[in-house]
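Asker: Questions regarding the structure given below will be posed in turn.
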Amino acid sequence: MQTTVETDPSPSGVGQPAPVVQMTGISIGFPGVKALDGVDLRLLPGEIHAVMGENGAGKSTLIKALTGVYSIDAGTITVDGTPHSFSGPFESQAAGISTVYQEVNLCTNLTVAENMMLGREPHRLGRIDTRRMNRRAGEVLDRLGLDIDARSQLGDHPIAIQQLVAIARAVDIDARVLILDEPTSSLDVDEVRRLFDVMRTLRAGGVAILFVSHFLDQVFEISDRMTVLRNGRLVGEHLTADMTQLSLVQEMIGRELEVLDRLDRAPADPAAPDPAPLMKVLGLGRKGSLEATDLTLHDGEVVGIAGLLGSGRTELARLIYGADSADGGEVEMHAGRVRLKGPRAAIDHKIAFSSEDRRAEGIIGDLSIADNMILAMQASRGWLRPVPQRTKDALVAKYIGALDIRPANPQALMKNLSGGNQQKVLLARWLITEPELLILDEPTRGIDIGAKAQIQQLVAELARDGMSVVFISAELEEVLRLSDRVVVMRDRRKIAERDNVDLEVADILQIIAGEAVSPDQDAHPVPHAEEAPRA
Amino acid sequence: MPDVRSLVRHQLMWPLLALVVLLLVNVVATPSFFSVRMQDGHLYGSLIDILRNGAPVLLVALGMTLVIATRGIDLSVGAIAAIAGAVACTSIAGSSQESATGTAIVAMSMALAVCVLLGLWNGFLVSVLGIQPIIATLVLMTAGRGLAMLVTDGQITTVNNPAFRRLGAGFVATLPVAIIVALAVLGITAVLTRRTALGMLIEAVGINPEAARLAGVRSRTIIWTVYVFAAFCAGIAGLMIASNTSAADANNAGLFIELDAILAVVIGGTSLAGGRFSLTGTLVGALFIQTLATTIPTIGIPAETNYLFKAVAVIVVCLLQSPQARAALSVTRRLSATPVKAGVA
Amino acid sequence: MSAVTVGSTSWVDRVKGYSPPQRFVPVIATFVLFVSMFGAGAVRYEGFASPQVLVNLLVDNAFLIVLAVGMTFVILTGGIDLSVGSVVALSTMIAASTLRAGWPPVLSMVTVLAVGTLLGLLMGLVIHYFQIQPFIATLAGMFLARGLCYLISVESIPIRDGMFSSLSSSTITLPGDVYITYTAVIALVVVGIAAWVLHMTRFGRTVYAVGGSEASALLMGLRVARVKVGVYAISGFCSALAGLLFSLYMLSGYSLHAVGMELDAIAAVVIGGTLLTGGRGLVVGSLLGVLVLGAIQTFISFDGTLSSWWTKISIGVLLLVFVVMQRFFSRRQS
């Protein structure tokens, strides 16, 4: 595996400048998780540096360490050769490090100029000198080549412009380091171009830009160098020119270090007659999140969905379940057309969905394990028909035992459980509803290896007993280990579907990297060119 | 598990302790405070008075507890109570048989039906239109007393109906009817929330609305239900107040009762942020407020200053609750501001 | 209708450069509402259209205008202040009792203003530093102020001080034989100062920023704590000032003065187009909101056949209309 490149010519050709930021051996731990483990990062002036990694790889933790939101447990951060220990965003800002987040952190109810200047606006005779403020803001915008009226209200502009204004604010604070955290996730192709123009302008001015994006094409287009993280560890630092999409994806997803027991899973028999499908999805899509997608699901089959973050894997699951409403397409179950207009309708049709965001969309933290488990069943019965206490006790005891949930106390509060145990309770919540289709979005993310193996085992058993399972994971090994069929997603659409026969991780990687499907079509494939989301 | 139990104990311990202290103050001031005497087959005494006078606040607070558990608030209950009294009294006064029992029953049913309608209205604004609860119920809080006056034509409508009067001033089996009704509603609420799944679903919606939605909970129905229930409880309280004086005073009936009810809920340990609720806590809170109102004149302070003591109670309760807020704060602070441990080597 | 445009653009000119005209739509709507109410009154009732009736709206509601100004600051940050009515009552009590005790009127006034500001400041500190919801903290403030009133006296205390009486009765004659009181002038001055502070100072712009997004305001490095505490102090000051104006109006101090006035103030602010979730709204809107409330009352008193409770009902209906409008406005925004 390639590691730090020692002597590389500076991308902007200024010779060999000293790094403006040098992070060495950074470790950060949270209760039960090691979020970062001895990670290095260096930023040179006048370069655009991408930080790459899947969910949970430690990208955002690394950024938060640099911006002072988190304090580090070990390691050093030097800015311009001076060691710093930031204890808050302000200190990091004072050292010349500015951050623009995915969600624009400005006030839409103020003007563009105010958003750029507030806090250090020019004064005259005890009042804000509006004219000078607008003029100064206009100058900064001009310098970045942005044609925006400084006096207009920020909220009247699309998100893309707001993002650019946020950058303009950051730049005006004389930032020498600019961190852009997923700035392009809600921009259309023209807007991305505009952002890139601004980034190039800044790079030419000597600003070091840290760029985080899950769009590989954009990273290859704009970045000079990249640092790849996986599971909180540094995988490598490379010149972008030395990398291919395939090699990058390989590093990002990589091979799990932990070896799990092989699952006792009979491979799907391609010769078996095609039974009537449980569900047929035709042209399901939603503007801005998923292009029209077809999918067929059978009883007793595990369909794995592979793809990077933002590829549409989660969006597809949410649309099937009705968690978000689709703009187009239809769903058939048991050969009859159904309308799944919300979670309740989906549950009534024996569909279950476990969200990737356990904390925000799964657990009810202040309720007990028992209440959390019974919630979906109870919700579909309505409040007037409570699940009888005896049934409830029996079900809860059964699943606490079957899934090895700890503590085994049904009255323990959900918020006090570990991630793995919370996930098992959520699985139990859905299994109690006896679904025909179980959709699991990243059920093993952020949980310990033991719980992970147990959950995988469970999925295999459920499918053997006839349940249809959709299994979404960023870990390709896991997908391949469990699935009968693999659907590959990229850029918000399905790009391939393969039976899991002799399928290797490398095959999937190639498909994701775009080299097996349409090798020449997309030098710069447009992530979602059709739609231009507006505020 | 032990920490859960101690938390529950902790939440109820302080209000209970405060209540006990208040009662003790009363005993010191009036040694006969605890004595309950029997007269004409009715029980009398300070404790009975506290229970009876506290009945309307308790009723309103019960509905408020459920509303607050869903992250909501209902400011309109005082106005709804006034409307209930106005509707009932106007109906009785306008009846040809003003003193008949049937008239009272019809009038009270009508009043409660109106309250249910008003609750549906509040619930509609909150759950369907998605307006913040505090604002949505502010509308009815403002307009409600006007509506009550519209019903009574601006008069204080007095009625003469023994059956109606019994609700607020009558006795059944030695106990005031008001106490029995309030405790009955408390019991029904407890059964309704803890014997059905309503309580759990309300808490789920209050704790994590999105997770509840994805688990298939019909939060719209749940939220709608609690506003209707709150209005219904307020209606009974309004009838009780009107019955006690045999008159509907659109301007003053149930004035500030919404604030007392919110106070009772907060004192009882239910967080204004929604989630877990305690009906027992609300009972203690309501009793505390009423005992406070009784205590102040007893120890020779002008009765009106009880506002001052309520303010102190609110502040104390807030400060007792704030360690949680501070604990939450200190976690984030710890994440962001702990000194670098293995530092600048 | 041309008068409408002229009237509103003069204000637009004042604050021009900050925002495109869409921001003024709610205020313009309130203005149109006010003008059409006044127009309807002029058509229906004789003598309604006189300038004096118009000026009387200011005279009779001077205290409410000041109260609404303070409330506007609080609501712009996304908070609420329930204590204002009680603080008005407390202020009348302090003024009346200190005057009865023989204090010089100016000292009495300063005391009132200091107490109001202090109360507001305390509530702001509790709200910001203990993270207690504004609703509950100002509810405590409401009880506290009311309780302090009763502690001073349960009875009503008349004000017989010469300076207060003369201030209360003396008027300024405007062209066209229209009389205006000093209290109304003070109220207008307060509106002017508030508008200046909100639009021309960093404090004012930070008020809007906090209301727009507190988290963003923090990340932008603005002094969020100072503003969040400050608006309650301002509201407390305004309540005390309104209390002084109210004691000039009533010439008495009484614990039951201004019961429920916080609702009128909130209603005026909302009808004036300020978003209850914060970040949007103008002081001028609140002024117009008060005038609309006043016009309703005038309307009803001119009519004679309409009963007084229609005031409350129509305020409720207006509140509903504006709240629902706001809801759809903000839904479209997001």
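Asker: Residues that are in contact with a Ser or Thr (Cβ under 7 Å, 6 or more places away or on another chain): list the helices (runs of 4 or more DSSP H) wholly contained in segment B:166-234 that include at least 3 such residues.
Answerer: Answer list for segment B:166-234: B:198-207, B:209-214.
Asker: What are the residues in segment C:83-121 that are surrounded by fewer than 17 Cβ atoms within 10 Å (Cβ to Cβ), assigned to a helix (DSSP H, G or I) and of a type in the set (A, V, I, L, M), if any?
Answerer: Listed by number, the residues that qualify are C:Val106, C:Leu107, C:Val110, C:Ala114, C:Leu118.
Asker: Something else: Across segment A:340-357, what is the number of residues that are at the interface with another protein chain (Cβ under 8 Å from one of its Cβ atoms) and touching a residue at least 60 places away in the same chain (Cβ under 8 Å)?
Answerer: Total satisfying the criteria: 3.
Asker: Take the residues in segment C:148-166 that are within 14 Å of chain B (Cβ to nearest Cβ) and out of contact with any Asp or Glu (no Cβ under 7 Å at 6 or more places or on another chain); name whichever of them is nearest to C:Ala89 (Cα to Cα).
Answerer: C:Cys149
Asker: Between C:Gly243, C:Gly253, C:Gly212, which is buried (at least 24 other Cβ atoms within 10 Å of the Cβ) and within 14 Å of another protein chain (Cβ to nearest Cβ)?
Answerer: None of the other options fit; the residue is C:Gly212.
Asker: Pairs only if they're at least six apart or on different chains, beta carbon under 9 angstrom, first in segment B:43-54 and small (Gly, Ala, Ser), second surrounded by fewer than 20 Cβ atoms within 10 Å (Cβ to Cβ) and not in a helix (DSSP H, G or I); list them, first residue then second.
Answerer: Pairs that qualify, where the first residue is small (Gly, Ala, Ser) and the partner is surrounded by fewer than 20 Cβ atoms within 10 Å (Cβ to Cβ) and not in a helix (DSSP H, G or I), are B:Gly45/B:Ser35; B:Gly45/B:Val36; B:Gly45/B:Arg37; B:Ser46/B:Thr30; B:Ser46/B:Ser35; B:Ser46/B:Val36.
Asker: Please identify the pairs in which a residue from segment C:112-134 that is at the interface with chain B (Cβ under 9 Å from one of its Cβ atoms) has its Cβ atom under 6 Å from the Cβ atom of a residue that is part of a helix (DSSP H, G or I), counting only partners at least 6 apart or on another chain.
Answerer: Here the result reads C:Val126/C:Ala137; C:Phe130/B:Ser322; C:Gln131/B:Ala325; C:Ile132/B:Cys318; C:Ile132/C:Val126, each pair linking segment C:112-134 to a residue that is part of a helix (DSSP H, G or I).
Asker: Out of segment A:115-132, which residues are more than 38 Å from the chain's Cα centre (by Cα) and either without any contact (Cβ under 8 Å) to a residue 12 or more places away in the chain or within 10 Å of chain C (Cβ to nearest Cβ) (or both)?
Answerer: Across segment A:115-132, the qualifying residues are A:His123, A:Arg124, A:Leu125, A:Gly126, A:Arg127, A:Ile128, A:Asp129, A:Thr130, A:Arg131, A:Arg132.
Asker: Let me ask something else. Take residues that are modelled with pLDDT under 95, of a type outside the set (A, V, I, L, M, F, W, C) and more than 12 Å from the chain's Cα centre (by Cα) and tell me which of the helices (runs of 4 or more DSSP H) falling wholly in segment C:184-297 contain 3 or more.
Answerer: Once the helices (runs of 4 or more DSSP H) in segment C:184-297 are filtered for at least 3 residues that are modelled with pLDDT under 95, of a type outside the set (A, V, I, L, M, F, W, C) and more than 12 Å from the chain's Cα centre (by Cα), what remains is C:202-212, C:224-250.
Asker: Mind listing whichever residues of segment B:152-193 are of a type outside the set (A, V, I, L, M), touching a Leu at 6+ places or on another chain (Cβ under 8 Å) and within 30 Å of A:Leu367 (Cα to Cα)?
Answerer: Result: B:Thr189, B:Thr193.
Asker: To continue, here is another question. Looking at segment B:250-279, which of its residues are away from chain A (no Cβ under 14 Å) and either more than 12 Å from the chain's Cα centre (by Cα) or part of a loop (DSSP other than H, G, I, E, B) (or both)?
Answerer: B:Ala250, B:Asn251, B:Asn252, B:Ala253, B:Gly254, B:Leu255, B:Phe256, B:Gly268, B:Leu272
Asker: Given the options A:Ala360, A:Ala292, A:Ala323, name the one that is at pLDDT 90 or above and within 14 Å of another protein chain (Cβ to nearest Cβ).
Answerer: Exactly one residue qualifies, and that residue is A:Ala323.
Asker: Have a look at C:Arg14, C:Arg23 and point out the one that is at pLDDT below 90 and surrounded by 18 or more Cβ atoms within 10 Å (Cβ to Cβ).
Answerer: Within the list C:Arg14, C:Arg23, the selection yields C:Arg23.
Asker: Output the residues belonging to segment A:467-478 that are modelled with pLDDT of 90 or more and either surrounded by fewer than 18 Cβ atoms within 10 Å (Cβ to Cβ) or farther than 25 Å from A:Glu434 by Cβ (or both).
Answerer: none
Asker: Which residue, of B:Leu138, B:Leu75, is closer than 17 Å to B:Ala261 by Cα, within 14 Å of chain C (Cβ to nearest Cβ) and either surrounded by fewer than 20 Cβ atoms within 10 Å (Cβ to Cβ) or at pLDDT below 90 (or both)?
Answerer: B:Leu138
Asker: Can you say whether A:Ser380 is within 13 Å of another protein chain (Cβ to nearest Cβ), crowded, with 16+ Cβ neighbours inside 10 Å and over 19 Å from B:Ala197 (Cβ atoms), as far as the supplied structure shows?
Answerer: For A:Ser380, the condition - within 13 Å of another protein chain (Cβ to nearest Cβ), crowded, with 16+ Cβ neighbours inside 10 Å and over 19 Å from B:Ala197 (Cβ atoms) - is not met.
Asker: For segment A:336-388, which residues satisfy the criterion of being in a loop (DSSP other than H, G, I, E, B), over 27 Å from the mean Cα position of the chain (by Cα) and more than 22 Å from A:Lys398 (Cβ to Cβ)?
Answerer: Correct list: A:Arg339, A:His349, A:Gly382, A:Trp383, A:Leu384.
Asker: Among B:Thr193, B:Thr189, B:Thr152, which is the only one that is over 30 Å from A:Arg359 (Cβ atoms), β-branched (Val, Ile, Thr), in contact with a helix residue (DSSP H, G or I) (Cβ under 6 Å, 6 or more places away or on another chain) and crowded, with 22+ Cβ neighbours inside 10 Å?
Answerer: On inspection, the qualifying residue turns out to be B:Thr152.
Asker: Given the criterion under 30 Å from C:Val224 (Cβ atoms), surrounded by fewer than 23 Cβ atoms within 10 Å (Cβ to Cβ), in contact (Cβ under 8 Å) with a residue 24 or more places away in the chain and in contact with a strand residue (DSSP E or B) (Cβ under 8 Å, 6 or more places away or on another chain), identify the matching residue among A:Ile77, A:Ile72, A:Ile63, A:Ile97.
Answerer: Criteria check complete, one pass: A:Ile63.
Asker: For segment B:210-228, check the following and say yes or no: at least one residue is of a type outside the set (Val, Ile, Thr), within 22 Å of C:Leu139 (Cα to Cα) and crowded, with 22+ Cβ neighbours inside 10 Å.
Answerer: Yes, that holds for at least one residue.
Asker: Mind checking which residues of segment A:85-99 are at the interface with chain C (Cβ under 10 Å from one of its Cβ atoms) and within 13 Å of A:Ala166 (Cβ to Cβ)?
Answerer: Result: A:Thr99, single match.
The values are calculated or read from the model by the stated rules, or taken from the named source; none is laboratory data. All values derive from a computational prediction rather than experimental measurement. Cβ coordinates were reconstructed from backbone atoms using ideal geometry, including for glycine residues, and neighbour counts include every protein chain displayed.
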